[in-house]
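**Q** Okay, handing you the structure first.
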Amino acid sequence: MFRSLFPNDVFVEMDRLQREIQQALDLSPNIRGFGRGGFPALNIGGTPQTVEVYAFAPGLDPATLEIDLERGMLTIAGERPSALPEPGRQSALHINERFAGAFRRVISLPDDADPDAVSASVKDGVVHISIQRRAAAQPRRITIH
C-alpha cells in the first residue's frame, strides 16, 4: 500500500477515507451485528454453560474501562489516550494507524445469559468476561426409569 511521508497528499487522504467508509459498512455475518475494525477487537464464543467474551485492549488501564450488562446487551466503553504529540511547528505526524479516542462496543447476548452471574478479569491486555447461562437453559440428560 502506498504511504506518503508528506502531509496533505490527496491520494493518501482518499485511501484513508475509503478504508474508514469500508470499515463502517463492513458488518460481520453474525445476526447480532458486530462491526469489524472496531476497538477493542473482540472474540466471542461460548460453551453450554457460559458465554465468553475476550476484548483485546493492550495498553489500557483496566480501571478506566466501563463494562455494563443491561437488558441482554453487554457494553464495553472507555477512552484510549493518544501517545503522539500534537502536530505543530516542532513536530510532524506522518502516519497514525493506532486508534486513539473514545470507544464503545455493544454486544447482544443470548436470552439465556444470566446477568447475575458475570465475572471479568484482565491478563496481558486481554479483558475476559464470562457470563453464566441460566441453569434452566443448560442441556441435561434425562434418564429413562
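**Q** In contact with a Leu (Cβ under 9 Å, 6 or more places away or on another chain), surrounded by 12 or more Cβ atoms within 10 Å (Cβ to Cβ), at pLDDT 90 or above and outside any strand (DSSP E or B) - does that describe any residue in the stretch 101-119?
**A** yes
**Q** Kindly provide the set of residues from the stretch 100-125 that are in contact (Cβ under 8 Å) with a residue 40 or more places away in the chain and either within 18 Å of D68 (Cβ to Cβ) or not assigned by TED's automatic domain parsing to the domain that holds D61 (or both), ordered by number. Outline the logic, then answer.
**A** At the first step, the residues of the stretch 100-125 found to be in contact (Cβ under 8 Å) with a residue 40 or more places away in the chain are 103, 105, 107-110, 113, 115, 118, 120, 122, 124-125.
Matches in the stretch 100-125: F103, R105, I107, S108, L109, P110, A113, P115, V118, A120, V122.
**Q** Can I ask one more? Output yes when any residue across the stretch 71-91 is at pLDDT 85 or above, outside any loop (DSSP other than H, G, I, E, B), out of contact with any helix residue (DSSP H, G or I) (no Cβ under 6 Å at 6 or more places or on another chain) and loosely packed, with under 11 Cβ neighbours inside 10 Å, and no when none is.
**A** No, the conditions are met nowhere in the stretch 71-91.
**Q** Right, next: Looking only at the stretch 120-137, which residues are within 21 Å of I107 (Cα to Cα) and either part of a loop (DSSP other than H, G, I, E, B) or of a type in the set (S, T, Y) (or both)?
**A** Across the stretch 120-137, the qualifying residues are S121, G125, S130, R134.
**Q** Can you find even one residue in the stretch 2-18 that is modelled with pLDDT of 70 or more, within 25 Å of the chain's Cα centre (by Cα), surrounded by fewer than 12 Cβ atoms within 10 Å (Cβ to Cβ) and part of a helix (DSSP H, G or I)?
**A** yes
**Q** Go through the stretch 71-86 residue by residue and tally those that are over 14 Å from the mean Cα position of the chain (by Cα) and touching a residue at least 12 places away in the same chain (Cβ under 8 Å).
**A** 5
The values are calculated or read from the model by the stated rules, or taken from the named source; none is laboratory data. What you see is a predicted model, and the numbers here were worked out from it, not measured in a lab. Note: ideal-geometry Cβ built from the backbone for every residue, glycine included; neighbour counts use all protein chains shown.
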